[in-house]
Amino acid sequence: MKKVVLFIGVLLCTLIVNAQNLKQIDDIYYQGSELYSGTYKTYHDNGKVDTEMKVKQGKKCGKTKIYFEDGQLHEIRAFKNNEMHGKWEMYNNKSILISIARYKKGKKHGKWIIWNDQGNLLYKLQYRNGEKVGVWKNYDGEGNLVNKRKY
């Protein structure tokens, strides 16, 4: 039992030292002088996870999760080679989905949907390579179409 406790203590100390050795320079993550690969976490003052992101060869890749102070999920972001790439989701503090956005190679790309805090539809938008395209629709929060505009 003492060996298990000692092992856990050494492991925790190693993790703490590793976290302190991580640094970010020009949006690239390093552990000491080496490019970092792994999961990078930051914490709120209360000890709960604030941000959890995947890093590969110093660059953000895959999903990044951001949490409210109470531990509830706030955002899921997607990256590829340090650029915004893929689906992003945002939730309010009641865990209601309030937006879905998509990116491709760092630019807005694809369908975007935005809801109010009650989960009622507000906007349907579309982008292609950062430019507005298609028909953009605006709703009143009760499902009624208020306005639409073609790009």
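Using only Cα atoms, tell me the angle between helix 2-21 and the longest principal axis of the chain; keep it within 0 to 90° and round to the nearest 10.
Helix 2-21 sits at roughly 60 degrees to that axis.
Given a Förster distance of 25 Å, report the FRET efficiency between LYS94 and ILE114 from their Cβ-Cβ distance, rounded to the nearest 0.05.
Numbers: r = 16 Å, r/R0 = 0.64.
Taking R0 as 25 Å, the efficiency between LYS94 and ILE114 is 0.95.
Can you list the aspartates and glutamates whose alpha carbon is less than 19 Å from that of LYS148, not counting same-chain residues fewer than 8 positions off?
GLU131, ASP140
Go through the range 73-83 residue by residue and turn each phi into a ³J(HN,Hα) via Karplus (6.51, -1.76, 1.60, θ = phi - 60°); whole Hz please, and just put x for glycine and proline.
Rounded to whole hertz, the list is 5, 10, 9, 10, 10, 10, 10, 9, 6, 6, 10.
Need one number: nm distance between label points at ASN138 and LYS107, each 7 Å from Cα along Cα→Cβ, rounded to one decimal.
About 2.6 nm separates the two model spin labels.
Counting only other residues whose beta carbon sits under 12 Å from that of ASN46, what net charge do I get with K and R as +1, D and E as -1? Show your work: numbers first, answer last.
On the way: positive: LYS48; negative: ASP45, ASP50, GLU69, ASP70.
Within the 12 Å Cβ shell, the charges total -3.
Would you count, across the range 93-145, every pair of lysines whose alpha carbons are under 27 angstrom apart, provided the pair is eight or more residues apart or spans two chains?
Within the range 93-145, the lysine pair count is 21.
Give the Rg (one decimal place) followed by the Dmax (whole number) of the chain, computed from C-alpha coordinates and expressed in Å.
Considering the chain through its Cα atoms, Rg and Dmax are 20.0, 69 Å.
If you take the beta carbon distance between LEU22 and LYS63 as r and set R0 to 22 Å, what does 1/(1 + (r/R0)^6) give as a FRET efficiency, to the nearest 0.05?
Numbers: r = 19 Å, r/R0 = 0.85.
Efficiency, from the Cβ-Cβ distance: 0.75.
Provide the net charge surrounding ASP140, with neighbours chosen by a C-beta distance below 14 Å and charges set as Lys +1, Arg +1, Asp -1, Glu -1. All intermediate terms of the calculation are to be shown ahead of the outcome.
On the way: positive: LYS124, LYS137, LYS148; negative: GLU142.
In short, +2.
Using r as the Cβ-Cβ distance of TYR43 and LYS87, and R0 as 25 Å, what FRET efficiency do you calculate, to the nearest 0.05? Could the numbers behind the result be given before it?
Working: r = 26 Å, r/R0 = 1.02.
The calculated FRET efficiency here is 0.45.
Rule-based calculations on the coordinates, nothing more; no lab input. It should be emphasised that the depicted structure is a prediction, and the values quoted were computed from it without experimental measurement. As a convention, Cβ positions derive from the backbone with ideal geometry for all residues, glycine included, and neighbour counts pool all protein chains shown.
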